[in-house]
Amino acid sequence: MERYYQESIECASREDIRALQSERLVKQIRHVWDNVPYYRKKMEEKGVTPDDIQSVDDLKKLPFLSKADLRNAYPYGLLAVPLSDCVRIQSTSGTTGKRVVAFYTQHDIDLWEECCARAITAAGGTNEDVCQVSYGYGLFTGGPGLNGGSHKVGCLTIPTSSGNTERQIMFIMDLSATILCCTPSYAAYLAESMKEMGYRPEDIPLKAGIFGAEAWSEEMRQDIQKTLGIKAYDIYGLTELSGPGVSFECSAQQGMHVNEDHFIAEVIDPDTGEVLPDGTLGELVFTAIDKEAFPMIRYRTRDICSLTHEKCSCGRTHVRMTKPKGRTDDMLIIRGVNVFPSQIETVLLNHGYAANYQIIVDRVNNTDTLDVQVEMTPEMFTDNVGEITERQKKLVDGLKSMLGIKAKVSLVAPKSITRSEGKAVRVIDRRKI
Amino acid sequence: MSIKQISVFLENRPGKLKEMTAVLAEHHIDMRALSIAETKDFGIARLIVDDAFNAANVLKENGFVSSITKVLAVAIPDEPGGLDKLLSVFADANVNIEYMYAFFGGIGVKEACMIFRVAETKAAETRLAGKGLKILTSEDLAQA
């Protein structure tokens with residue numbers, strides 16, 4: 001039986017959603033025009049004023065915001081309310097360049113936590129559940145977001161934050177945690193650790209996991225589900241848009257519902273800026289129509305996915321986005337070919353290896369080289385040299401088939417690739433560009 | 001009667017073999033026989049020890065990937081033609097050898113021990129029984 005945190009919103013008709021979005025967008029553009037000179041200037045340069053924005057159909061008239069704008073406006077350039085109205089900042093890990101500092105009023109915190117509560121409820125969470133939040137707490141949005149959502153749903157919240165795996169496992173087992181929230185690479189690590197400790201899926205009290213903050217493959221999801229004996233749900237978000245909860249997966253596990261009463265989603269051609277139709281892959285762009293302190297208008301996420309308005313079996317009517325394929329900045333260009341770590345992960349898992357890998361990119365004799373280092377596992381090891389090299393060759397072929405280029409595969413000792421508690425470092429690019 | 005051999009995965013880099021021997025030494029595990037098969041990137045170290053399960057557990061706890069394989073140990077006279085005679089028996093019994101390694105019995109001992117990995121261990125044991133071969137058990141090795 002499907003449960004919703006806010007049924008009237010999550011299952012509203014498309015007409016009602018559109019009307020709400022239009023109403024909020026108009027107000028938001030006026031709010032930003034009046035309070036954010038940085039964005040007003042961009043609008044003026046494009047010849048757009050708030051009067052030109054009457055409904056969601058006019059969204060495409062507005063200029064984009066990107067990470068570069070956030071860097072230029074750091075720290076207060078995009079703040080839309082007096083600092084005295086703000087109750088919090090959160091800050092991203094800054095994997096590309098300068099840190100992003102996002103501001104929140106209490107209203108912004110509430111709407112963010114509501115979004116996370118929707119995600120937890122979609123994963124089957126109720127006030128009877130015990131929710132362990134193993135995302136990092138602090139400046140990173142993972143911990144605070146899911147913590148707030150868990151409180152709103154009324155779960156017993158265990159704020160373990162990330163790390164200290166022994167303690168995590170102790171709490172899961174001793175307090176019978178039923179929901180686990182963390183990054184997918186940490187979930188995989190926890191699953192591996194629990195398996196090594198002798199826990200079978202039926203011994204583990206967890207029933208659901210809510211994993212996000214990094215791209216992860218369908219194959220990795222199946223692995224985690226099998227080892228922990230849970231249903232693993234995807235969750236998506238950015239600090240610039242609050243944090244996790246911008247969109248979340250439902251029981252159908254066929255894409256993530258965007259919380260359209262708070263965020264309008266578009267997919268654009270990253271080169272031309274043209275808005276693309278449903279089903280077409282492109283760069284995901286969001287407009288926050290309800291946030292007060294730090295509202296992003298047509299913010300380019302650099303994430304690549306597609307949207308669909310097709311009916312979902314869960315009953316929610318909000319648009320769904322596909323699992324992001326990767327960030328445009330996760331993407332590597334090797335010998336002129338676009339390569340995403342997630343593609344490599346898919347091949348590894350399909351060939352029976354675990355997602356304990358690193359990609360070393362280098363440049364030798366003016367040619368790019370790609371070395372995929374993957375750990376040998378007990379399951380893949382045999383006493384037969386020929387068999388191991390044969391499997392290694394199959395992996396090379398599988399990668400060539402997926403990526404279009406030939407990669408070297410190096411089998412390395414178990415545990416020699418550092419495990420992550422947060423986002424996994426998959427790529428080491430030694431090329432001096 | 002087959003004996004248990006432990007195969008250990010090792011990266012083909014300096015220091016990797018030493019990591020393994022250090023762990024074995026720390027846990028007082030004596031290697032009775034050793035052979036290493038290599039490729040450019042990795043190797044498989046094959047060891048005969050007294051207690052294979054214990055050694056496998058110790059290696060696992062110390063982060064090594066290993067597996068246990070059944071091999072046949074046959075003692076032959078350490079003289080010209082010793083192995084040749086043995087291989088005739090194998091050929092007649094249609095036993096296919098995948099790999100083998102050998103160690104001699106020691107100073108003054110005129111016997112050598114051959115370790116064989118064969119295609120089908122149980123079938124091979126049956127076919128080689130009663131052919132006058134001195135097939136060793138793990139107890140025999142432990143006493144040697």
Per the list (1) touching a Leu at 6+ places or on another chain (Cβ under 8 Å); (2) over 25 Å from A:THR418 (Cβ atoms), residue check on A:GLU202 breaks on (1)
On the basis of being crowded, with 18+ Cβ neighbours inside 10 Å, closer than 24 Å to A:ASP330 by Cα and away from chain B (no Cβ under 11 Å), does A:ILE360 make the cut?
no
Within segment B:59-97, restricting to residues that are of a type in the set (Asp, Glu) and out of contact with any Asp or Glu (no Cβ under 7 Å at 6 or more places or on another chain), the one that is nearest to the other protein chains (Cβ to nearest Cβ) is B:GLU61
Taking segment B:13-34 and the residues there that are more than 18 Å from the chain's Cα centre (by Cα), under 28 Å from A:SER410 (Cβ atoms) and outside any helix (DSSP H, G or I), the one that is farthest from the other protein chains (Cβ to nearest Cβ) would be B:PRO14
Within segment B:35-58, of all residues that are surrounded by fewer than 16 Cβ atoms within 10 Å (Cβ to Cβ) and without any contact (Cβ under 8 Å) to a residue 60 or more places away in the chain, the one nearest to the other protein chains (Cβ to nearest Cβ) is B:THR39
Filter segment A:121-146 for residues that are touching a Phe, Trp or Tyr at 6+ places or on another chain (Cβ under 7 Å) and over 14 Å from A:PHE248 (Cβ atoms); the one that is surrounded by the most Cβ atoms within 10 Å (Cβ to Cβ) is A:SER134
Within segment A:379-393, the residues that are among the β-branched types (Val, Ile, Thr) and either outside the structural domain of A:PRO414 (by TED's automatic domain parsing) or outside any helix (DSSP H, G or I) (or both) are A:THR382
The one condition A:ARG316 fails out of (1) in contact with a helix residue (DSSP H, G or I) (Cβ under 6 Å, 6 or more places away or on another chain); (2) assigned to a loop (DSSP other than H, G, I, E, B); (3) under 30 Å from A:ASP85 (Cα atoms) is (3)
Review point. Would you say A:ASP368 is buried (at least 18 other Cβ atoms within 10 Å of the Cβ) and over 20 Å from A:LYS394 (Cα atoms)?
Key: yes
A:LYS406: passes all of (1) modelled with pLDDT under 90; (2) assigned to a loop (DSSP other than H, G, I, E, B); (3) within 23 Å of A:LYS325 (Cβ to Cβ) but (1)
Reported set for segment A:389-422 where residues are farther than 23 Å from B:GLY43 by Cβ and within 14 Å of chain B (Cβ to nearest Cβ) is A:THR418, A:ARG419
All conditions in (1) within 14 Å of chain B (Cβ to nearest Cβ); (2) of a type in the set (A, V, I, L, M, F, W, C); (3) closer than 22 Å to A:LYS323 by Cβ are true of A:LEU348 except (1)
Of the residues in segment A:18-52 that are aromatic (Phe, Trp, Tyr) and touching a residue at least 24 places away in the same chain (Cβ under 8 Å), the one that is surrounded by the fewest Cβ atoms within 10 Å (Cβ to Cβ) is A:TYR38
For segment A:371-388, pairs from a residue that is farther than 16 Å from B:ALA45 by Cβ and within 7 Å of another protein chain (Cβ to nearest Cβ) to a residue that is of a type in the set (A, V, I, L, M, F, W, C) and buried (at least 16 other Cβ atoms within 10 Å of the Cβ), with Cβ under 8 Å and 6 or more apart or across chains, are A:THR377/A:ALA354; A:THR377/B:VAL65
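The values are calculated or read from the model by the stated rules, or taken from the named source; none is laboratory data. As the structure is a prediction and not an experimental result, all values here were calculated from the model. Because the Cβ atoms are built from the backbone with ideal geometry, glycine has one as well, and the counts that use them run over all protein chains shown.
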